[in-house]
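The values are calculated or read from the model by the stated rules, or taken from the named source; none is laboratory data. Model, not experiment: these values are computed from the prediction. Every residue, glycine as well, gets a Cβ built from its backbone with ideal geometry; the counts of neighbours run over all protein chains shown. Just so you know, the surface numbers come from the protein's heavy atoms only, side chains and all, with ligands and any DNA or RNA stripped out. Shrake-Rupley method; radii C 1.70, N 1.55, O 1.52, S 1.80 Å.
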Amino acid sequence: MLDNLNRSIERERRSAMGRTPARLDELDLAILTAMHDYQKAGILELSRRTRVARATVQSRIARMEEAGVISSYDPQIDVTAAGFDVQAFVTLEIAQGALDAVAADLEAIPGVLEAYATTGSGDVLCRIGADSHAGLQSVLLSIDRSTAVTRSHSVIVLSTVVPQRTLPLLRTLTPAGSSKAPAYRTAH
């Protein structure tokens, strides 16, 4: 069920890519912060934490899902804690016009955690994980077997300096105006 929801949200996000970005206000940011801080909280608990009506929280979340701001409800999994403590970033140079082919090849390799098309000296940047250096080498060799990859360069992650985060960036947005929720306006 969670997979179907995530696929549905991803489809919506992709269809929203051509639209204007959502304008978030202070209440939207408060709801996102509460969702981040209390990840197991349901709508009622988020309503209590933000001090607005449950229907307001529910409609705001639905709007942010439709706009692609909330793109997934997947749990955040720490692959290091799960035993995959060797990670690396790999820059790939690929054959001209081979982005779809390399994407299919990379999706078939379980050790590829994520991959992005980039500008600069490389064409694709991947984050990969493995349980050992030998496992890392196996993932790298699997990547290099792709006929779309012409050259690769890897660097091993020693430690995380800044973990993945989004709220600090969202907080830099100029809010779209005051919230229409009276209880939220008086509480903040």
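Across segment 71-112, the qualifying residues are those that are under 24 Å from K40 (Cα atoms) and open to solvent by 70 Å² or more (accessible area, probe 1.4 Å), and the one among them that is modelled with the highest pLDDT is A81.
When you check L158 against the structure, is it of a type in the set (A, V, I, L, M, F, W, C) and loosely packed, with under 10 Cβ neighbours inside 10 Å, yes or no? If you could, list the steps in order and put the result at the bottom.
Values: of a type in the set (A, V, I, L, M, F, W, C): yes; loosely packed, with under 10 Cβ neighbours inside 10 Å: yes.
The answer is yes for L158.
Inside segment 130-148, residues that are within 14 Å of V102 (Cα to Cα) and either in contact with a Lys or Arg (Cβ under 7 Å, 6 or more places away or on another chain) or outside any helix (DSSP H, G or I) (or both) make up a count of 4. Just one of (1) touching an Asp or Glu at 6+ places or on another chain (Cβ under 7 Å); (2) under 20 Å from A82 (Cα atoms) fails for G122. It is (2). Every test in (1) more than 30 Å from M35 (Cβ to Cβ); (2) in contact (Cβ under 8 Å) with a residue 60 or more places away in the chain is passed by A101 save one, and that test is (2).
Which members of segment 71-129 meet the condition of being among the hydroxyl-bearing types (S, T, Y) and in a strand (DSSP E or B)? Selection gives T91, Y116. Quick one: is Q58 assigned to a strand (DSSP E or B), over 17 Å from the mean Cα position of the chain (by Cα) and surrounded by 13 or more Cβ atoms within 10 Å (Cβ to Cβ)? No.
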